[in-house]
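These notes concern the structure reproduced below.
The values are calculated or read from the model by the stated rules, or taken from the named source; none is laboratory data. Keep in mind that what you see is a predicted model, and the values were worked out from it rather than measured. Because the Cβ atoms are built from the backbone with ideal geometry, glycine has one as well, and the counts that use them run over all protein chains shown. Quick note on the areas: whole protein, heavy atoms, side chains included, nothing else; ligands and nucleic acids left out. Shrake-Rupley method; radii C 1.70, N 1.55, O 1.52, S 1.80 Å.
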Amino acid sequence: MKKKLISMLLAAALGVTLLAGCGGDDKKDGQDTPPATEDGGDTQEPADVEEPPAETGDQEVLEFYHGYYHDESEWPAAKVMRDLYDEFAAQHADGPVVFKPIAVENRDDIVSTEVAGGSFPDMVDCGVAVPLAAISQNLVYDMKPFIDENGLQAAVGLNYTQNDVDGKIYSVHDQMESRGMWYNSKILEAAGVKPEDLNTWDGFAQAMEKVRGIGDGSYGYAAGQGSFIMMNAYMASTEEGRAVMEADLTPESIESEAFANAFKTIAKLDQENGSDHTVDDLGLVMDDFNKAGTMAVLPNGVWNASGIDEGLVDVIEPMIFPGNVSLSSAGAGLTIANNMSEAKTELALEFVRYMTSKEVAEKIFTGVQANPCNTEVDLNALAESSGNPATIKLAKACTMVNEAGTICESVAFIWGSDVTAAIQNALKECAVSGADIDARFEQLKQELTAIIG
């Protein structure tokens, strides 16, 4: 698909505001754990991890750069991922190629530097989209034939369609960035609202009005980043909106009725909701929802399950967006250099098979608390067997997202960080009481037109 080729450059800078990676690979909004990657910084070896044996004899070495460099005490999920990598390395230690995981803070900088010099690292768990220059120079390996020949379509899940670039697949992410909403049933009950009232956008607006009427310090939701997520979901709820969000942003889509309706509807909700809790990063108000229990609804990812305070587990529940919509994005991920030796390429592909297998997917779900790409895993059965309340909530959220009537990729991956920031800033300004939404939208259109050139 041509649109993906162009959008890769636009998405390259994205990672702080909305994405961080892609499910489990970057810091999720409000997640209490640090990100698995941060652009820049020095190389840092992971704590308590033994490297595979150095090259010996005729063995080649397949170097694999990843962003799970954190100490276990800092982010337990990073240790889970490193253990998975080390297990694979141990399985192939006596083969013709040694698998060498290397934890770094600046993996995407490493990629950029090598691509600028006309090369590509052996293998990288990319935090941002594969550079267009790497594709145009034929530096990265097309995994689609391997996926097709081995029947791995269900194992790679949404990667198969979302990471399709003109019929080729250059990256496979083992985790999905999956988003829906979470609600506090205690607040809704106090406001006289039933969860099913949130199934439509009109019902959502009425519910938020009732929440504002409680008068006990509770509030509806946090505008800003949350508003941008909701605008995505609103567009995805109509055929016209999906047509706009699934393609590159153009002058025609900027002028479309679907785009205008989505922006103005969410902006109006924000203004009615009030600007007191407007934030660029939902992480700044996560305690309001997960610990203090003062926010009624949170538009956030499935990973929020791990942040819920034990005292609120019984009242916080997941749901999908109004209109039976969820947002689930593959993002970047495992990427292999082209033109390596046959033995190194074979091991790299075997690693992709391993990381998307049911066995590893189950460990990613229970240990990393993320939505794995493999669609054949029974997440609910896995959660029930664990007996962990947070894992059970996670499974419920993942199932809702995966089974939504409409599942769309976030436009942040398609339109890029500049467009995302412009829209989010405009929504933030519209949350202020008395702001002229129509005038601010006209200004936004001019900004977006300038960005896309």
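Please determine, by comparing only the residues of region 236-263 that are of a type in the set (A, V, I, L, M), part of a helix (DSSP H, G or I) and out of contact with any strand residue (DSSP E or B) (no Cβ under 8 Å at 6 or more places or on another chain), which one is most open to solvent (accessible area, probe 1.4 Å). The selected residue is A243.
With the requirement that a residue be touching a Leu at 6+ places or on another chain (Cβ under 9 Å), hydrophobic (A, V, I, L, M, F, W, C) and open to solvent by 10 Å² or more (accessible area, probe 1.4 Å), what does region 293-310 give you? W303 - this is the single residue of region 293-310 that is touching a Leu at 6+ places or on another chain (Cβ under 9 Å), hydrophobic (A, V, I, L, M, F, W, C) and open to solvent by 10 Å² or more (accessible area, probe 1.4 Å).
When R107 is tested against (1) within 16 Å of I336 (Cα to Cα); (2) over 20 Å from the mean Cα position of the chain (by Cα); (3) among the charged types (D, E, K, R), only condition (2) is not met. For region 155-179, the candidate set comprises residues that are closer than 16 Å to E350 by Cα and either hydrophobic (A, V, I, L, M, F, W, C) or part of a strand (DSSP E or B) (or both); within that set, the residue that is nearest to the chain's Cα centre (by Cα) is V172. With respect to Y160, is the statement that it is among the hydroxyl-bearing types (S, T, Y), touching a residue at least 24 places away in the same chain (Cβ under 8 Å) and on the phi < 0 side of the Ramachandran plot true? The answer is no for Y160.
Hey, among the residues in region 60-79 that are open to solvent by less than 60 Å² (accessible area, probe 1.4 Å) and part of a helix (DSSP H, G or I), which one's farthest from E346 (Cα to Cα)?
Checking each candidate, the answer is A77.
When region 112-132 is limited to residues that are among the β-branched types (V, I, T) and modelled with pLDDT under 95, the one that is surrounded by the most Cβ atoms within 10 Å (Cβ to Cβ) turns out to be V128.
Do the conditions hold for N339, that is, is it of a type outside the set (D, E, K, R) and part of a loop (DSSP other than H, G, I, E, B)? When the stated conditions are applied, N339 passes them. Scanning region 80-111 for residues that are crowded, with 21+ Cβ neighbours inside 10 Å and acidic (D, E) returns a single hit, D108. When region 133-179 is filtered for residues that are of a type in the set (S, T, Y), open to solvent by 40 Å² or more (accessible area, probe 1.4 Å) and either closer than 23 Å to T406 by Cα or in contact with a Leu (Cβ under 7 Å, 6 or more places away or on another chain) (or both), the ones remaining, listed by number, are Y160, T161.
Cβ-Cβ contacts under 9 Å between residues 6 or more apart (or on different chains), taken from a first residue in region 126-149 that is assigned to a loop (DSSP other than H, G, I, E, B) to a second residue that is open to solvent by 30 Å² or more (accessible area, probe 1.4 Å) and among the basic types (K, R), are listed as D142/K168; M143/K168.
In the list L282, L349, which residue meets the criterion of being on the phi < 0 side of the Ramachandran plot, of a type outside the set (S, T, N, Q) and open to solvent by 10 Å² or more (accessible area, probe 1.4 Å)?
Going through L282, L349 in turn, just one is on the phi < 0 side of the Ramachandran plot, of a type outside the set (S, T, N, Q) and open to solvent by 10 Å² or more (accessible area, probe 1.4 Å): L349.
Within region 408-433, the set of residues being open to solvent by 50 Å² or more (accessible area, probe 1.4 Å) and at pLDDT below 95 comprises D418 only.
Only one of the numbered conditions (1) at pLDDT below 90; (2) open to solvent by 80 Å² or more (accessible area, probe 1.4 Å) is not met by A47, and that is (2). Somewhere in region 353-366, is a residue at pLDDT 95 or above, of a type in the set (S, T, N, Q) and under 14 Å from G301 (Cα atoms)? Looking for residues that are at pLDDT 95 or above, of a type in the set (S, T, N, Q) and under 14 Å from G301 (Cα atoms), one finds none in region 353-366, hence no.
Of the candidates A292, A191, A260, the single residue that is free of Cβ contacts under 8 Å to residues at least 24 places away in the same chain and among the aliphatic types (A, V, I, L, M) is A292. Y221 satisfies every condition listed in (1) of a type in the set (S, T, Y); (2) open to solvent by 20 Å² or more (accessible area, probe 1.4 Å); (3) not in a helix (DSSP H, G or I) except (2).
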